[in-house]
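Accompanying notes for the structure given below.
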Amino acid sequence: MKIIAGLLLISSICAFADDPSLQPLPDPTGKAKYAERSRIIVDLDGDGVMDLLLSGSPDTFGTMGGPWTVHLNRDGDYKRIGEVWAHPLAIAFEPDQARIQSDPETRRYTRIWVYLRAGGSRGSFGYFRVGENSVDDMASIEIYLGNVENAIGRAIYEATFKKSPIPFKVQRSTTADDGTVTWNESKR
């Protein structure tokens, strides 16, 4: 019985050993031992297993957002497939119509919709497509949010980010002095 319990403990530790979000992030500014970051938990490929977007350090973020590495969960091992640029308040996930393609080179699981603020009331609106081994470059247009309630750009923005077709959770890290990382739900 003790052997089985020990094996279960070891296998549960191994299952989490490959999760990059459990590794502490040294503070690149040197002001603290570790930097905190965000992660997004979402099923990108529709397999019922949660995948991961992991943000960079806070010094890489601005009003436009920042870099997020995209990881697909493959049997508890997180496979890094690319990067997107996004703000956690302006992101949504939609199943891609190429999800059913049998050829892994053309199959795309998800469109990650983002708005990247350029300044004032304008920015880039578009999406990144997530495949098995890569994330495509962003396809985008410039939109104007404007100060008018009936502005087309504002309507596009609100329709896209009001409710994501694929649900997701944004979490924020807390890192202990010993490097142990824990995650808590973040208000969007």
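Within segment 76-111, the set of residues being among the aliphatic types (A, V, I, L, M), closer than 30 Å to Pro58 by Cβ and either in contact (Cβ under 8 Å) with a residue 40 or more places away in the chain or open to solvent by 50 Å² or more (accessible area, probe 1.4 Å) (or both) comprises Ile81, Val84, Leu89, Ala90, Ile91, Ala92. If you check Ser121, Ser186 for being within 16 Å of the chain's Cα centre (by Cα), open to solvent by less than 90 Å² (accessible area, probe 1.4 Å) and at pLDDT below 95, only one passes: Ser186. Six or more apart or on different chains, Cβ atoms under 8 Å: show the pairs whose first residue is in segment 135-149 and in contact (Cβ under 8 Å) with a residue 24 or more places away in the chain and whose second is in a loop (DSSP other than H, G, I, E, B) and open to solvent by less than 70 Å² (accessible area, probe 1.4 Å). As it stands, the answer is Leu145/Ser121; Leu145/Ala151; Gly146/Ser121; Asn147/Ser121, since those pairs meet every condition given.
Within segment 35-75, the residues that satisfy the criterion of being without any contact (Cβ under 8 Å) to a residue 12 or more places away in the chain and in a strand (DSSP E or B) are Gly62, Arg74.
Summed over segment 36-46, residues that are open to solvent by 10 Å² or more (accessible area, probe 1.4 Å) and aliphatic (A, V, I, L, M) total 1.
The set of residues in segment 134-178 being assigned to a loop (DSSP other than H, G, I, E, B), open to solvent by less than 40 Å² (accessible area, probe 1.4 Å), touching a Phe, Trp or Tyr at 6+ places or on another chain (Cβ under 7 Å) and more than 15 Å from Leu53 (Cα to Cα) consists of Leu145, Ala151, Ser164. Take the conditions (1) in contact with a helix residue (DSSP H, G or I) (Cβ under 6 Å, 6 or more places away or on another chain); (2) β-branched (Val, Ile, Thr); (3) modelled with pLDDT under 95; Ile152 misses just one of them, which is (1).
Scanning segment 47-75 for residues that are among the small types (Gly, Ala, Ser) and surrounded by 14 or more Cβ atoms within 10 Å (Cβ to Cβ) turns up Ser55, Gly56, Ser57, Gly65, Gly66.
The values are calculated or read from the model by the stated rules, or taken from the named source; none is laboratory data. Computed from a predicted model, the values in this text were never measured in an experiment. Reconstructed Cβ throughout: ideal geometry from the backbone, glycine too, with neighbour counts over all protein chains shown. With ligands, DNA and RNA removed, areas are computed over all heavy atoms of the protein, side chains included. Shrake-Rupley method; radii C 1.70, N 1.55, O 1.52, S 1.80 Å.
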